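Note sheet for the following structure.
The values are calculated or read from the model by the stated rules, or taken from the named source; none is laboratory data. Keep in mind it's a predicted model, so treat the numbers as computed, not measured. Counting neighbours? That spans all protein chains shown, and the Cβs are built from the backbone with ideal geometry, glycine included.
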Amino acid sequence: MSNDYEKSVEALMKDVKELRDDMKDLFGALKAKAGSSVGDAMDSLHDSAAHRLEQVRDAAGAAGRRCHDGVKLCTEKMEEHPLVTVLAALGAGLVLGGLIRRHRR
């Protein structure tokens, strides 16, 4: 579960980096055509985008840590109470099986 989450976060970070690189290229082209006043605005926008990217990284890191902590806690509880874990899994399976059977009718 944590591994899938980490892959998703990495993919998101890659996409954001690519977007930032694309925006940087676009801003470069616009700056060359529009002159210095637009260039100043583009620099400001680029700085703002970089700041937002850093905020996304921080939030993704915090979410990843919380997810990892949750998985760790869940694993510890399952190890502490194996019988309850098995019974909970059995109950969840019965409920899901009943819902699937009911849905097919």
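Only one of these is of a type in the set (Gly, Ala, Ser), in contact with a helix residue (DSSP H, G or I) (Cβ under 8 Å, 6 or more places away or on another chain) and assigned to a helix (DSSP H, G or I): Ala59, Ala50, Ala92, Ala41. Name it.
Details: Ala59 fails: in contact with a helix residue (DSSP H, G or I) (Cβ under 8 Å, 6 or more places away or on another chain); Ala92 fails: in contact with a helix residue (DSSP H, G or I) (Cβ under 8 Å, 6 or more places away or on another chain); Ala41 fails: in contact with a helix residue (DSSP H, G or I) (Cβ under 8 Å, 6 or more places away or on another chain).
Exactly one residue qualifies, and that residue is Ala50.
From the list Gly97, Gly28, Gly64, which one is in contact (Cβ under 8 Å) with a residue 40 or more places away in the chain and of a type outside the set (Val, Ile, Thr)?
Details: Gly97 fails: in contact (Cβ under 8 Å) with a residue 40 or more places away in the chain; Gly28 fails: in contact (Cβ under 8 Å) with a residue 40 or more places away in the chain.
None of the others qualify; the one that does is Gly64.
Select from the range 49-80 the residues that are charged (D, E, K, R) and within 15 Å of Val16 (Cβ to Cβ) and list them in ascending order. I'd like the intermediate steps shown before the answer.
Start the filter on the range 49-80 by keeping residues that are charged (D, E, K, R), which leaves 52, 54, 57-58, 65-66, 69, 72, 76-77, 79-80.
If the condition is that a residue be charged (D, E, K, R) and within 15 Å of Val16 (Cβ to Cβ), then Arg52, Glu54, Arg57, Asp58 are the ones that fit.
Taking the conditions exactly as written (modelled with pLDDT under 90, exposed (fewer than 11 other Cβ atoms within 10 Å of the Cβ) and part of a helix (DSSP H, G or I)), does Arg65 satisfy them or not?
So Arg65 does not fit the description; no.
Identify all residues within the range 6-23 that are surrounded by 12 or more Cβ atoms within 10 Å (Cβ to Cβ) and either modelled with pLDDT under 75 or within 16 Å of Glu54 (Cα to Cα) (or both); write none if there are none. Write out each step before concluding.
Initially, the range 6-23 is screened for residues surrounded by 12 or more Cβ atoms within 10 Å (Cβ to Cβ), giving 6, 8-10, 12-13, 16-17, 19-20, 23.
Residues satisfying the conditions are Val9, Glu10, Leu12, Met13, Val16, Lys17, Leu19, Arg20, Met23.
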